[in-house]
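For reference, the structure is listed below as structure tokens.
The values are calculated or read from the model by the stated rules, or taken from the named source; none is laboratory data. Just so it is clear, the structure is predicted and the values come from calculations on it, not from any experiment. With ideal geometry, Cβ positions are generated from the backbone for all residues, glycine too; neighbour counts draw on all protein chains shown. Heads up: the accessible areas ignore ligands, DNA and RNA and are worked out on the full protein's heavy atoms, side chains in. Shrake-Rupley method; radii C 1.70, N 1.55, O 1.52, S 1.80 Å.
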Amino acid sequence: MPVIVVANPKGGVGKSTLATQVAGYFASKGHAVMLGDVDRQQSSRMWLKLRPAGVPAIQAWEVSQDDIVRPPKGTTHVVLDTPAGLHDKRLEAVMRHADKVLVPLQPSIFDIHATHDFLREILARKKHGGVQVGIVGMRFKEGTISADQLRHFLGTLDVPVIGYLRDTQNYVHLAARGLTLWDVAPSRVQRDLEQWQSIGEWLDR
């Protein structure tokens, strides 16, 4: 049962957006998915309450900031949304469960520097060599200076970049209805689904 942890010490970088979409990706493939939320804001839990009937089921994984228990039997995939400021013992507790760690990163110089130190901490706390860490560029705008800065920074790391997600209101509109890219007509979100192909391949690997 793979456990996918979505983590970054900065707030507002798109952790909940990425976590809910990852859960939706697995659910669209027929997996028994649980979404856990360790963040005080409980954004992912709120999103689950908005999720309508008739779309692939995603269950809430009951977790707290201090106690992460194993999900119920029958669960095939787990996604864990984590809070900002995740460091030290709290990070270590989360990393004990992780099989893969997704780090969302925006093209901001402040986010870039904070994430650099966080990545080193993650790599030092991996429970075993099999834990995979990947970066997803969020709200990415091709041809901008900030995008060039992000690409330059990512080229200096030993952590793979598994995809870039464009800056679009699609994610905002979907989140407001408890939906993911895989819950609506593909023609409405074709560009975004194309960007998820490399991410999906990494998740399934």
Q. G143 is checked against (1) at pLDDT 80 or above; (2) more than 18 Å from T17 (Cβ to Cβ); (3) among the small types (G, A, S) and fails just one. What number does that condition carry?
A. (1)
Q: Could you please find all residues in region 149-165 being open to solvent by less than 50 Å² (accessible area, probe 1.4 Å) and either touching a helix residue (DSSP H, G or I) at 6+ places or on another chain (Cβ under 6 Å) or not in a helix (DSSP H, G or I) (or both)?
A: F153, L157, V159, I162, G163, L165
Q: Can you tell me which residue among P107, P160 is touching a residue at least 24 places away in the same chain (Cβ under 8 Å), over 15 Å from N8 (Cβ atoms) and not basic (K, R)?
A: P160
Q: Hey, can you tell me all the residues within region 186-196 that are surrounded by fewer than 17 Cβ atoms within 10 Å (Cβ to Cβ) and either without any contact (Cβ under 8 Å) to a residue 12 or more places away in the chain or among the charged types (D, E, K, R) (or both)?
A: P186, S187, R188, Q190, R191, E194
Q. Which one is modelled with the lowest pLDDT among residues in region 124-138 that are within 22 Å of S198 (Cα to Cα) and either open to solvent by less than 30 Å² (accessible area, probe 1.4 Å) or aliphatic (A, V, I, L, M) (or both)?
A. V131
Q) Does region 110-129 contain any residue that is assigned to a loop (DSSP other than H, G, I, E, B), within 22 Å of I58 (Cβ to Cβ) and touching a strand residue (DSSP E or B) at 6+ places or on another chain (Cβ under 9 Å)? A) no
Q.
It is to be established whether one or more residues within region 32-40 are surrounded by fewer than 20 Cβ atoms within 10 Å (Cβ to Cβ) and hydrophobic (A, V, I, L, M, F, W, C).
A. yes
**Q.** region 166-185: number of residues that are crowded, with 16+ Cβ neighbours inside 10 Å and among the small types (G, A, S)
**A.** 2
